[in-house]
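Structure first, then comments.
The values are calculated or read from the model by the stated rules, or taken from the named source; none is laboratory data. Bear in mind that the values here come from a model prediction, so they are computed numbers and not experimental data. FYI the Cβ positions are ideal-geometry reconstructions off the backbone, even for glycines, and counts take in every protein chain you see.
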Amino acid sequence: MHIKFYLTIFAIVLIICTYFGTANFAQSEKTQFSEIEKKESGLVLDHMINAHLLEFDAEKYLYDFDYGDVIQHDDLTIRQFTIIANDDMSMEISPGVFFNVWTFNGSVPGPTIRVNEGDLVRITFINNGNKDHTLHFHGIHDSEMDGVFEIVNPGGKFVYEWIASPVGVHPYHCHVMPLEEHIGHGLYGVYIVDPKEGRQQAEEMVMVLNGFDTDFDMENNFYAANTVPFYYQVNPIQINTNELVRVYVVNMVEFDPINNLHLHGNLYDYYPTGTNRISSIFTDMITLSQTERGIIEFQYDFPGKYLFHAHKVEFSEKGWVGLFLVN
Ligand SMILES: [Cu+2]
């Protein structure tokens, strides 16, 4: 009886020791990450004590067009820009939720690059990050200016140059693999090519539809128009009745196959990619896959508050919603 009892106790102790021994071993195996892997994996808490805090101004970004430094060379207009990549900043995406953002010129999205059709665009790209990065602009240019095969190492520099074409609104983003990581962390921006003759006078603004996967499960936890969830709902965009409003919209949401944009109390003319001068549809709802973009134009007849948001309800409830305040 006693022997049986002690044997049972011994067996239980043996099982417990084996279990915790293995668990400890598995745990010690899991801690074999490099410092960079720890930071990127999300498996290990990283308080990013040394990270610089990004404070993004969604009001300023909306209207902030960068026309570059202009050099006139006979008939040729040269527009020069400098874009610097970093990957060590942190941003408070939502109260108490910090995320390691990767930035172009210290911002997510990067600067809105704006040029005229036929301009020579010259962009000096400097990689001040800890990882490889590039600049891949959508549009027409030589293969070596495509920012795919000429990887720019940390501390490196590359000068991109092309003649601006075609007219429209295009995205630019880093094109280093894994792409979803480099885009998901924020390395993208908007590139507008204006027609030589210009467009009709309008109140113009830029909206980048983006999202943030803050718990590393390949699903976004927050969505926004211009990075800050709910920003334009709390701070409505002021416009006037009978004023033409032109919005350059670019969808950069990673992980989700589609995004969309619905406007309340009105319909808008939609110009996909902004390449055609004739509106393709008069609607209140467009659906966009990643890097799909276009120009929307509308004007309000009646003053008041009007919502605009993703009609994918999950996205709007997680931040992609705003208001136009029509005066
Ligand atoms: Cu990158």
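Restricting the first residue to region 179-203 and requiring it to be touching a residue at least 40 places away in the same chain (Cβ under 8 Å), which pairs with a second residue that is within 10 Å of the ligand (Cβ to nearest atom) and not in a loop (DSSP other than H, G, I, E, B) meet a Cβ separation below 6 Å and a spacing of at least six or different chains?
Every condition considered, the pairs that remain are Ile183/His173; His185/Trp102; Gly186/Trp102; Leu187/Trp102; Leu187/His173; Tyr188/His173; Gly189/Phe104.
Suppose we keep only residues that are surrounded by fewer than 24 Cβ atoms within 10 Å (Cβ to Cβ) and assigned to a loop (DSSP other than H, G, I, E, B) within region 183-196. Which one would you say is nearest to the ligand (Cβ to nearest atom)?
Among them, the one singled out is His185.
Considering Glu180, Glu161, which residue is modelled with pLDDT under 95 and surrounded by fewer than 18 Cβ atoms within 10 Å (Cβ to Cβ)?
Of the residues listed, the single one that is modelled with pLDDT under 95 and surrounded by fewer than 18 Cβ atoms within 10 Å (Cβ to Cβ) is Glu180.
Got a sec? Which of Val70, Val148, Val101, Val159 is assigned to a strand (DSSP E or B) and either of a type in the set (Phe, Trp, Tyr) or within 23 Å of Glu292 (Cα to Cα) (or both)?
Val101
Starting from residues that are over 15 Å from the mean Cα position of the chain (by Cα) and not hydrophobic (A, V, I, L, M, F, W, C), keep the ones in region 183-196 and report whichever is modelled with the lowest pLDDT.
If we take residues in region 183-196 being over 15 Å from the mean Cα position of the chain (by Cα) and not hydrophobic (A, V, I, L, M, F, W, C), then Lys196 is modelled with the lowest pLDDT.
Name every residue in region 173-197 that is farther than 22 Å from Asn100 by Cβ and among the aliphatic types (A, V, I, L, M), in order of residue number.
Result: Val190, Ile192, Val193.
Spot the failing condition for Asp269; the list is (1) at pLDDT 95 or above; (2) surrounded by fewer than 22 Cβ atoms within 10 Å (Cβ to Cβ); (3) within 28 Å of Glu55 (Cα to Cα), and only one is missed.
Here Asp269 clears every test but (3).
Step by step: first the residues of region 164-176, then only those that are part of a loop (DSSP other than H, G, I, E, B) and either among the polar types (S, T, N, Q) or near the ligand (Cβ under 9 Å from one of its atoms) (or both), then the one that is surrounded by the most Cβ atoms within 10 Å (Cβ to Cβ). Which residue is that?
So, considering only residues that are part of a loop (DSSP other than H, G, I, E, B) and either among the polar types (S, T, N, Q) or near the ligand (Cβ under 9 Å from one of its atoms) (or both), the one surrounded by the most Cβ atoms within 10 Å (Cβ to Cβ) is Cys174.
So that you can scan it fast, the table gives a plain yes or no per residue for (1) in the same structural domain as Val253 (by TED's automatic domain parsing); (2) among the acidic types (Asp, Glu); (3) away from the ligand (no atom under 16 Å from the Cβ); (4) surrounded by 15 or more Cβ atoms within 10 Å (Cβ to Cβ):
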{"residue": "Lys60", "(1), (2), (3), (4)": "yes, no, yes, no"}
{"residue": "Asp69", "(1), (2), (3), (4)": "yes, yes, yes, no"}
{"residue": "Phe81", "(1), (2), (3), (4)": "yes, no, yes, yes"}
{"residue": "Val108", "(1), (2), (3), (4)": "yes, no, no, yes"}
{"residue": "Val115", "(1), (2), (3), (4)": "yes, no, yes, yes"}
{"residue": "Arg122", "(1), (2), (3), (4)": "yes, no, yes, yes"}
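Any chance you could count how many residues in region 83-106 are more than 16 Å from the ligand (Cβ to nearest atom), among the aliphatic types (A, V, I, L, M) and either under 19 Å from Phe137 (Cβ atoms) or within 16 Å of the chain's Cα centre (by Cα) (or both)?
Residues meeting the conditions: 2.
Any idea which of (1) surrounded by 17 or more Cβ atoms within 10 Å (Cβ to Cβ); (2) touching a Leu at 6+ places or on another chain (Cβ under 7 Å); (3) in contact (Cβ under 8 Å) with a residue 60 or more places away in the chain is the one Asn260 doesn't satisfy?
Asn260 satisfies every listed condition except (3).
Go through region 297-327 and give me each residue that's basic (Lys, Arg), over 23 Å from Ile281 (Cα atoms) and either free of Cβ contacts under 8 Å to residues at least 40 places away in the same chain or in a loop (DSSP other than H, G, I, E, B) (or both).
Lys318
So Leu135 passes all but one of these: (1) within 16 Å of the ligand (Cβ to nearest atom); (2) crowded, with 20+ Cβ neighbours inside 10 Å; (3) more than 21 Å from the chain's Cα centre (by Cα). Which condition number does it fail?
Answer for Leu135: the failing condition is (3).
Could you figure out which of (1) without any contact (Cβ under 8 Å) to a residue 40 or more places away in the chain; (2) not in a loop (DSSP other than H, G, I, E, B) isn't true of Pro154?
Tallying (1) without any contact (Cβ under 8 Å) to a residue 40 or more places away in the chain; (2) not in a loop (DSSP other than H, G, I, E, B), Pro154 fails exactly one: (2).
Checking Ile3 against (1) at pLDDT 95 or above; (2) loosely packed, with under 14 Cβ neighbours inside 10 Å; (3) more than 30 Å from Asp213 (Cα to Cα), which test does it fail?
(1)
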